[in-house]
DNA sequence: CGCTTGACACCGT
DNA sequence: AACGGTGCCAAGC
């Protein structure tokens, strides 16, 4: 079982209206491959099943899946808001960031 | 088999 | 508070 499979499984379980961080996922898998998690999200072969937009940085900022395109970021934010996540100044309040162990 | 890359996290300045 | 440098790990070539 590759790390990617585990990551996909976890991300797919993120409930609506909540988000988690790369760090949380990595810790849950008992690995320190934070960066690998990011790579896996980027590849994202399970596109609809794996809502990568619900995975953010530990700071609460949205990561570069919209990266160089600020307008795309707004779209992601709108999507998150529609799911019930409040976004402030392009960042998500800690209240919405749930550790993987909380919803697994 | 070894080198390079990365959608991160942490710490110091 | 913001920016940059460093360290970690997996995947791809």
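Listed here are the residues, each with its yes/no results for (1) in contact with a helix residue (DSSP H, G or I) (Cβ under 8 Å, 6 or more places away or on another chain); (2) more than 13 Å from DNA strand B (Cβ to nearest atom).
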| position | (1), (2) |
| --- | --- |
| A:26 | yes, no |
| A:34 | yes, no |
| A:37 | yes, no |
| A:40 | yes, no |
| A:73 | no, no |
| A:76 | yes, no |
| A:84 | no, yes |
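Total residues in the stretch A:3-12 satisfying the condition of being more than 11 Å from the chain's Cα centre (by Cα) and either buried (at least 21 other Cβ atoms within 10 Å of the Cβ) or outside any helix (DSSP H, G or I) (or both): the figure is 0.
With respect to the conditions (1) under 16 Å from residue A:2 (Cα atoms); (2) free of Cβ contacts under 8 Å to residues at least 60 places away in the same chain; (3) crowded, with 16+ Cβ neighbours inside 10 Å, residue A:56 falls short on a single one, namely (1). Taking the stated definitions as given, is residue A:48 surrounded by fewer than 20 Cβ atoms within 10 Å (Cβ to Cβ) and either free of Cβ contacts under 8 Å to residues at least 12 places away in the same chain or within 11 Å of DNA strand B (Cβ to nearest atom) (or both)? It is true that residue A:48 is surrounded by fewer than 20 Cβ atoms within 10 Å (Cβ to Cβ) and either free of Cβ contacts under 8 Å to residues at least 12 places away in the same chain or within 11 Å of DNA strand B (Cβ to nearest atom) (or both). Are any residues in the stretch A:14-37 touching a residue at least 24 places away in the same chain (Cβ under 8 Å) and either assigned to a loop (DSSP other than H, G, I, E, B) or near DNA strand C (Cβ under 9 Å from one of its atoms) (or both), and if so, which ones? If the condition is that a residue be touching a residue at least 24 places away in the same chain (Cβ under 8 Å) and either assigned to a loop (DSSP other than H, G, I, E, B) or near DNA strand C (Cβ under 9 Å from one of its atoms) (or both), then A:14, A:15, A:16, A:17, A:18, A:29, A:31, A:33, A:36, A:37 are the ones that fit.
Of all residues in the stretch A:75-85, none satisfies being surrounded by fewer than 16 Cβ atoms within 10 Å (Cβ to Cβ) and touching a strand residue (DSSP E or B) at 6+ places or on another chain (Cβ under 6 Å).
Values quoted throughout were computed directly from the atomic coordinates according to the rules given, and no laboratory measurement underlies them. Everything numeric here is computed off the predicted structure, so don't read it as measured data. Don't worry about glycine lacking a Cβ; one is built from the backbone with ideal geometry, like all the others, and counts go over all protein chains shown.
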